[in-house]
């Protein structure tokens, strides 16, 4: 299993607990640089998507090999996920499938149980924004780790690295019913709840637009 991410990093659990989600000037500049890089990578990736270019092995990924862990933790995660609005429930399961597909393409080993539970609960806190409290803290109340596939489903990042047949199958299993509109509303609510936080900066940098123009119908 790969090393766990540093909880003290910007956006990490310990960072969120220490700061309440508010960015320093230095952290804001770091995040702006990361956003700029992400936008450039997204532009290149959308060109790959338009040209139908896939990385080696992407078409060999079989979603049916991604089995749900048979554990008490997984069942409790499913119960907690069921508490969320329908839009986030679907997003959580799509995040798990997209994240596993990307991990297979990247040949990255995952802890199947933690990844599954983290995927189902990574946005648990954003469903009910709390004034002055970064949503990661609310999510951390329910899970141990965030999933890598969230931005695939949210803004289409790295969707070009997932085989089209697998994208279609994920959406068949977990349809995106009015997801863009609802996600944008949650993003704006989180930004308003934590002035000076990550989502306020992301809103200013165009995250709602990125969600709206993601290569999905809804």
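The values are calculated or read from the model by the stated rules, or taken from the named source; none is laboratory data. Please read these numbers as outputs of a predicted model, since none were measured by experiment. Glycine also receives a Cβ, built like all others from the backbone with ideal geometry; neighbour counts cover every protein chain displayed.
Here are the numbers:
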quantity	calculated
Options 138, 125: the member that is buried (at least 21 other Cβ atoms within 10 Å of the Cβ), touching a strand residue (DSSP E or B) at 6+ places or on another chain (Cβ under 9 Å), at pLDDT below 85 and not in a loop (DSSP other than H, G, I, E, B)	125
Residue match in region 21-32 (condition: surrounded by 13 or more Cβ atoms within 10 Å (Cβ to Cβ), under 26 Å from residue 200 (Cβ atoms), modelled with pLDDT under 90 and touching a strand residue (DSSP E or B) at 6+ places or on another chain (Cβ under 6 Å))	yes
Residue check, residue 46 modelled with pLDDT of 85 or more, within 24 Å of residue 198 (Cβ to Cβ), out of contact with any strand residue (DSSP E or B) (no Cβ under 8 Å at 6 or more places or on another chain) and surrounded by 14 or more Cβ atoms within 10 Å (Cβ to Cβ)	yes
Filter result for the condition that a residue is surrounded by 21 or more Cβ atoms within 10 Å (Cβ to Cβ) and farther than 27 Å from residue 101 by Cα, over 203, 194, 170	194
Qualifying positions in region 188-205 - within 21 Å of residue 43 (Cβ to Cβ) and in contact (Cβ under 8 Å) with a residue 12 or more places away in the chain	201, 202, 203, 205
